[in-house]
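Colleague: Next up is a structure, given as structure tokens.
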Amino acid sequence: QVQLVESGGGLVQPGGSLRLSCAASGSFFSINAMGWYRQAPGKERELVATITDGFTTNYADSVKGRFTISRDNAKNTVFLQMNSLEPEDTDVYYCNADIRMHDFRFIGSWGQGTQVTVSS
């Protein structure tokens, strides 16, 4: 029983900023890595950024220097600060969490997706 709830998507102008949030809730032992992915219509979901429970980050080349992933472990929340947004960033963004359950097995959990549109 794990749920990921996303917020913060919307419409912004090129060069603008947006901050996505994703909070995990439910019954689990701990959260390992968390990340953000995005998916365009008809395309496969692609990695945007990940962050481990030790706060090690990884970014897709296309967003390096523009996006910042962070997390608040006390709130089981991961954030994606998106700056200098480009029209090419327009996608549905999905939160992901690698969660350790009470039986110590890891499962992958996904948010419902939030639309980010960069246009002017």
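The values are calculated or read from the model by the stated rules, or taken from the named source; none is laboratory data. Remember, predicted model here, so these are calculated numbers, not experimental data. Glycine also receives a Cβ, built like all others from the backbone with ideal geometry; neighbour counts cover every protein chain displayed. With ligands, DNA and RNA removed, areas are computed over all heavy atoms of the protein, side chains included. Shrake-Rupley method; radii C 1.70, N 1.55, O 1.52, S 1.80 Å.
Colleague: So, in the stretch 20-32, exactly how many residues are open to solvent by less than 30 Å² (accessible area, probe 1.4 Å) and among the small types (Gly, Ala, Ser)?
Modeller: Residues that pass the stated criteria total 2.
Colleague: Within the stretch 1-19, identify whether any single residue is loosely packed, with under 15 Cβ neighbours inside 10 Å and farther than 20 Å from Gln115 by Cβ, and answer yes or no.
Modeller: yes
Colleague: For the stretch 87-120, which residues satisfy the criterion of being of a type in the set (D, E, K, R) and within 17 Å of Gln39 (Cβ to Cβ)?
Modeller: Step one: list which residues in the stretch 87-120 are of a type in the set (D, E, K, R), which gives 88-89, 91, 98, 100, 103, 105.
Glu88, Asp89, Asp91 - these are the residues of the stretch 87-120 that are of a type in the set (D, E, K, R) and within 17 Å of Gln39 (Cβ to Cβ).
Colleague: For the stretch 15-69, how many residues meet the condition of being closer than 22 Å to Ile99 by Cβ and of a type in the set (Gly, Ala, Ser)?
Modeller: 11
Colleague: Then there is this: Got a number for residues in the stretch 87-120 being buried (at least 17 other Cβ atoms within 10 Å of the Cβ) and without any contact (Cβ under 8 Å) to a residue 12 or more places away in the chain?
Modeller: Residues that pass the stated criteria total 0.
Colleague: Still on this structure, please answer the following. Being within 16 Å of Thr114 (Cβ to Cβ) and open to solvent by 50 Å² or more (accessible area, probe 1.4 Å) is the filter here, so list the residues in the stretch 40-86 that pass it.
Modeller: Pro41, Arg45, Glu46, Gln81
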